[in-house]
1. Roughly what would the spin-label model give for R23 and E10, points 7 Å off Cα along C-beta, in nm?
2. Given the pairs K28/K86; K21/K92; K11/K38, which are separated by over 22 angstrom at their Cα positions?
Amino acid sequence: MKISNHKDIEKLKQELRPWLKKRRISLKTFDNLPLSQKIWLHGAAYIGTLSLSDAQRRTLYQNLGLGERRTEKRGQIGPAAVESTKYEELKKFFTPLAPSERLHDLYMY
């Protein structure tokens, strides 16, 4: 996907908003991601056609602050929490929402 301007980034954010909301990830966290990771996330979690490597999934998971949340719950150090997450869990986490879960939120904006 080619991102050429601010409007394209806002479109990605709008399309991902229901997915982010369901997983309790703030829009500010999304805004803080590097552009390449925003594209990875959109391709995997919205479109569903981008197959991320294990390393890409773990990087996204950590950059979305999810390793830190697990750290608080389990008393682990951030990267250790990400590394202890199973591949299947990460794959499931980054799956797109069903169309019925996306439609309601998109009409709100």
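1. 2.4
2. Working: K28/K86 26 Å; K21/K92 16 Å; K11/K38 11 Å.
Among K28/K86; K21/K92; K11/K38, the Cα-Cα distance tops 22 Å for K28/K86.
Throughout, read-outs are computed from the coordinates displayed, never taken from laboratory work. All values reported here derive from a predicted model rather than from experimental measurement. Virtual Cβ from ideal backbone geometry, glycine too; neighbours counted across all protein chains shown.
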